[in-house]
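Student: This structure is in C-alpha cells; I'll ask about it shortly.
The values are calculated or read from the model by the stated rules, or taken from the named source; none is laboratory data. Small disclaimer: the values here were computed from a predicted structure and weren't measured. Backbone-built Cβ (ideal geometry, glycine too); neighbour counts: all protein chains shown.
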Amino acid sequence: MTPSPVRTRMVRLFAVALLAIGSKASARDPQAAFALKGGWVECTVEHDDRPVANAALVILDGQGNKFADGETDETGQGQFPLPGGGSFSVEIKTGKKTWDPIRLVKVDKEIQPAKVLLSYQLRPCCRGLVKRDTSWKAAAPTVSPSDRLLLWVIGAAAACAVLGAIVFVRMPKREKFADSASS
Amino acid sequence: MEDQALNQGAPAPPARTGNGRFAVFAPLLVIGLAALGSLVGVLLFLNRGTPPKRDLAAEARADLERRNFRPLSEPLQALLADARYRPIPTQTHPLLLGPAPDFSLREVNGGDWSLSQELKKGPVVLIFYYGYHCNHCVSQLFGIDQDIDKFRELGVRVAAVSADAPELTRERFAEYGAFRFPVLSDPGNKVAEKYGVFTPSARTGEEGDLMHGTFLISRQGKVLWTNRGDNPFTENRTLLHEIARAEGRAPKK
C-alpha cells in the first residue's frame, strides 16, 4: 500500500519540524579548546560536537601585534608556536563571522582557559548603544480583547440606533401615511 | 354580502396592510433593537471582570521552561560524578583569570554587601540581571533560587546585582516572594560597568547597553568563569561543576 501524497507531505513536514526543533535545541556557539604540546599551542575548534575545518586563526602577542595566522584542518585543529611573554590572544573566524578575540595565558604547563565558548561582539566597543530601560514600570492599562469586542458591539449598536432614528425622522410623509394619502 | 358588494367597487388600500406599515415600523424596530443591544452592552461592560494582573513570577518561570531549565533533583555528589556531563566552557572576558573588582553595595534588606568580605567565607557567584523589568530579566534568579541548596552545599555565596532600587525590589519581593540569596542595588550600573556588562551611552537621554552576566569568583578573588550576553545563563550545573573543580571537590574520574 502506497501512502497518500497528503500523508507523505505531512510526514515530511513533521520531520522538518522535528529537525528544526532539534537543531534549535542543540544550537550553541562554537567552542575552542587550547592545549600546550612541546612548546606549541594546539587549538581545536568545534561546533555542536563536530570539528570546524578551515576556521581562520589569527594569533596576537601580548602587545596586540600579529604573531601568526593559519587555518584549522579537517579535524578542527590548528597549531602555532607559543608566543613569548606567556599571554596572547587568538582571533577565530568561521565563515563570515569573526568571534571575539580570546585572551589566553600560560600558567605552568597549561594554557588557560583550556576551553572557551566563543562569543560574538560582546566587546563593549562593538555593541550598539541602545536605550534599554532597566527601571520597573507599571504595566500601562490595557483593554483586553474581550473588552475591545464588547466596546465594538456597543458602538455598533449605538450607531445603528442613531442611524435608525435619523432614517425614521427623515422618512417622507407620503410613505409613512401612504394609505391615508391614497384614500 | 352587502359589504362585499360595496367593497367590490372601492379601490384596494395599497399601503395600509403592506409596505407602508412595514416602512413605519421597521426603523422603529431597528432603533429599539439597537438601543436594547447598546443597553445590554453597557451593562455587560460595566459588569466585566477586572483584567488579569501581570504576574512576572509566572512569566519568569515560563521563560525558564522555554530554556529547558530543570531544577537539579539529584544529590550534589551524583551530579558532580556524572562523567557524561560536559560543563559549558567559560567565555573570554578581560577580567578572566584576573582579580575581580571589589565593591560594596546596598542589600535589599538595608545592609551592606561587600565582595571582599564575602570571599573570606568562600567562592562567589555574581549574577548581573536587568532588574524586575521583564520575564527573562529575572528568570535566572528564579532558577538559582530553586537550586540554591546545592550552591550552599558547596559553600558558595550567590549574589544578584541590578540597578533596581532596594525599595522597588522589596515591593517585588512582597508581590512575588523573596529570593534566598542577597539581591543588591547598583545605582547607575557602576559595578556592572566594572564587570563589563554595562556600557554607558555617550548620548544624553540614553542609559546605555546592559547585558546579562554571570561570574564565578574563587575565594582568592580570581575570576574563574564568565558568561555574558542577551540571554540569562540558566545552566546551574555548569556553575556547580566549575566551583567544585576550583575548590578541589570534584570527584576523581
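Student: Identify all residues within region B:209-220 that are of a type in the set (Ser, Thr, Tyr) and either at the interface with another protein chain (Cβ under 10 Å from one of its Cβ atoms) or buried (at least 21 other Cβ atoms within 10 Å of the Cβ) (or both); write none if there are none.
Tutor: Residues of region B:209-220 of a type in the set (Ser, Thr, Tyr): B:214, B:218.
Passing the criteria: only B:Thr214.
Student: Does B:Gly20 qualify as being modelled with pLDDT under 65 and either within 8 Å of chain A (Cβ to nearest Cβ) or not in a helix (DSSP H, G or I) (or both)? Please lay out each step first, then the result.
Tutor: Numbers: modelled with pLDDT under 65: yes; either within 8 Å of chain A (Cβ to nearest Cβ) or not in a helix (DSSP H, G or I) (or both): yes.
In short, yes.
Student: Every residue in region B:147-171 that is surrounded by fewer than 21 Cβ atoms within 10 Å (Cβ to Cβ), within 12 Å of chain A (Cβ to nearest Cβ) and in contact with a helix residue (DSSP H, G or I) (Cβ under 9 Å, 6 or more places away or on another chain), please.
Tutor: The one that is surrounded by fewer than 21 Cβ atoms within 10 Å (Cβ to Cβ), within 12 Å of chain A (Cβ to nearest Cβ) and in contact with a helix residue (DSSP H, G or I) (Cβ under 9 Å, 6 or more places away or on another chain): B:Ala165.
Student: Against the condition more than 23 Å from the chain's Cα centre (by Cα), away from every other protein chain (no Cβ under 14 Å) and either closer than 18 Å to B:Ser116 by Cα or not charged (D, E, K, R) (or both), how does B:Val223 come out, does it pass?
Tutor: No.
Student: Moving on to the next point. Out of all the residues in region B:152-165, which are within 15 Å of B:Leu126 (Cβ to Cβ) and in contact with a Lys or Arg (Cβ under 8 Å, 6 or more places away or on another chain)?
Tutor: Of everything in region B:152-165, just one residue is within 15 Å of B:Leu126 (Cβ to Cβ) and in contact with a Lys or Arg (Cβ under 8 Å, 6 or more places away or on another chain), namely B:Arg157.
Student: Considering only residues of region A:100-150 that are closer than 30 Å to B:Leu29 by Cβ and facing chain B (nearest Cβ under 7 Å), which is modelled with the lowest pLDDT? Reasoning before the result, please.
Tutor: Looking only at region A:100-150, we keep the residues that are closer than 30 Å to B:Leu29 by Cβ, and these are A:146-150.
Within this subset, residues satisfying the condition of being facing chain B (nearest Cβ under 7 Å) are A:147, A:150.
On the way: A:Asp147: 75, A:Leu150: 79.
Going through the qualifying residues, I end up with A:Asp147.
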